[in-house]
1. In the set Leu53, Leu64, Leu85, which member is surrounded by fewer than 18 Cβ atoms within 10 Å (Cβ to Cβ) and outside the structural domain of Gly411 (by TED's automatic domain parsing)?
2. Return the total of residues in the stretch 544-560 being surrounded by 13 or more Cβ atoms within 10 Å (Cβ to Cβ) and part of a loop (DSSP other than H, G, I, E, B).
3. Residue by residue through the stretch 101-113, note down the ones that are surrounded by fewer than 18 Cβ atoms within 10 Å (Cβ to Cβ) and either within 20 Å of Pro82 (Cα to Cα) or in contact with a helix residue (DSSP H, G or I) (Cβ under 8 Å, 6 or more places away or on another chain) (or both).
4. Can you name every residue in the stretch 259-280 that is part of a loop (DSSP other than H, G, I, E, B) and surrounded by fewer than 21 Cβ atoms within 10 Å (Cβ to Cβ)?
5. Have a look at Ala524, Ala541 and point out the one that is more than 30 Å from Glu315 (Cβ to Cβ) and either at pLDDT 95 or above or assigned to a strand (DSSP E or B) (or both).
6. Does Gly506 meet the test of being within 21 Å of Arg99 (Cβ to Cβ), out of contact with any helix residue (DSSP H, G or I) (no Cβ under 7 Å at 6 or more places or on another chain) and assigned to a loop (DSSP other than H, G, I, E, B)?
7. When both residues are 6+ apart or on different chains and their Cβ atoms are under 8 Å apart, which pairs have a first residue that lies in the stretch 483-496 and is closer than 18 Å to Gly311 by Cα, and a second that is polar (S, T, N, Q)?
8. Scan the stretch 236-244 and give yes if some residue there is β-branched (Val, Ile, Thr) and touching a Gly at 6+ places or on another chain (Cβ under 9 Å), otherwise no.
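The values are calculated or read from the model by the stated rules, or taken from the named source; none is laboratory data. What you are looking at is a predicted structure, and each value in this text was computed from that prediction instead of being measured. Positions of Cβ are backbone-derived with ideal geometry, glycine not excepted, and every protein chain shown enters the neighbour counts.
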Amino acid sequence: MSLLKKPAIAKPLRLAPRGGVGVSAARPRQVEKLAPCAMYCPAGNDIRGIAALIAQREKTGLSLEEACDRAWRLAVETTPFPAVLGRICAHPCESRCNRKAKDSAVAINSLERFVGDWGLMRRLKLPGYDGGASPGAQVAVIGAGPAGMSCAYQLVRRGYRVTVFESLPQAGGMLRYGIPPHRLPRRVLDDEIHRIVDLGVELRCATPIGTAISLDEVHRDFAAVFLSIGAHVGRRLDVVGAEGTGVYLGADFLRRVAIGERPQLGNKIVVVGGGNTAIDAARLCVRLLGAGAEIALLRQENETISNELMGAVQERVRVELLATVASIERATSGCITKVVAQRVDLGAPDASAYPALQPVSGGTFDIEADTLILAVGQRPDFRSLGRAFGKITSLDVDASGKTRFTGMWSGGDAVRSGTAAAAIAQGRRAALAIHAQLSGETVQESPHRPDIGPERLKLDYYETKPRAERKTVPVADRVADLSIEIDQGIEPAQALCEATRCLSCGRCFGCERCWMFCTPADIAKLPAVATGSYFRIKNEACDGCKKCAEECPSGFLEMA
């Protein structure tokens, strides 16, 4: 051996599989996982990515303004209504948040509202078409609700000429005509709709298809059609006394108030229903009638107390769970005098997918009433569209939203009554399918990513932090005015802190533990970092000790 050569230094020995001595064959891999918040977001939002842009802004060298701008831009990739959904979404993502295993779920909905309001405050514009020559094809959207406007947005940004036909005087669908302003201020809805229209969408309100223009004409003049008429037709109950004055259907009641009418109401109101329409109707009556009114809400379910239901209780609405109306008694004049209520148990779902109501023996009780509002379900009205739709109450569609009708896709309440977030996702999926068919391109499938639960995380690594709670307007103030928004959201400082509560499940957040614990220095810092991208694995000197994967708090690294 030459005296000028340094002797080779042996690699450190590790225990190999089965107890042998040597270098392990296992090597670390960076494997991004599917966080449960994204898995359970009906709108398909990149919740983890939105939080990361804000939480990791100092690591990536972003100013606060640029980080929040980018978070908004990421949010509007999937929904043009972040400020709306930040107010009305039922946020099932939070019920699955892995942080619940440590302290409490990240306030995802509050963070979404902050990002949405940030975009409105900054007057940020939605991304438009920048792909060169426009496809030029014209697409019709029937219905300007969340599904229709989402579809229009995703199409116009891909270069299509989009015309939205709306039968009602203004756009918004059930967002405008089914949700009162105390939950969704009209300025917020208007601003987010106007941003879509500003991209070049042609909006024709007060133009019902089948009356102002036939569906055949639409098919003739447009290359594709997206049908998203709302569920504005309320369901009646077949009970004694239901026919006559003093009975309103929930959807119709909310719509009439939204357009400025004031329905004739007494001072003793009974509202029946199991969804938010019923709660909204009851709380709207509080505002219309004042403190002297008596309002009872019969809920046809035994639900976990939601914020909306708790708000109704705070506003002195009498709430009876697992109860419905059995009959209505009237005076000789025809006026309602009382409602006979019936206690129920929930049976197996019926043909409509709702649980069957099973009366409890001896479970009737009387409630004095002069007005009844039935919010027990609603459906779209397809009759005006033409004979081809016959007695249809909903449309069957494939995974992309395509119907059996040539050149027609559908989503929202026209397919199944659901949440605004789900409708927005359906509009987006249909837009991508329409684009694929008209352009000849294939829809890019999202790559498969394994999911990740709390057992894969090192929860002790993360600091315990209290969840941000929203402020609400005092009861006396909020019931005095129809337009006062109850929920005031969280403060900007709270939102910035809340973003840091995200565990970044299954994705790197630059904690450096893998780098610090790698003895052979096989993990290198990237010279240019970005959110979720801080290190690379060289796999040149790795001896398979597994320490990097064992120390990774977010479960991003695994051995293979």
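1. None of the others qualify; the one that does is Leu64.
2. Total satisfying the criteria: 8.
3. Ala101
4. Ile259, Gly260, Glu261, Arg262, Pro263, Gln264, Leu265, Gly266, Asn267, Gly275
5. Residue meeting the stated conditions: Ala524.
6. Here the answer is yes, as Gly506 does meet what is asked.
7. Listed by first residue and then by second, the contacts come to Ile486/Thr472; Asp487/Asn307; Asp487/Thr472; Gln488/Thr472; Gly489/Ser110; Ile490/Ser110.
8. no
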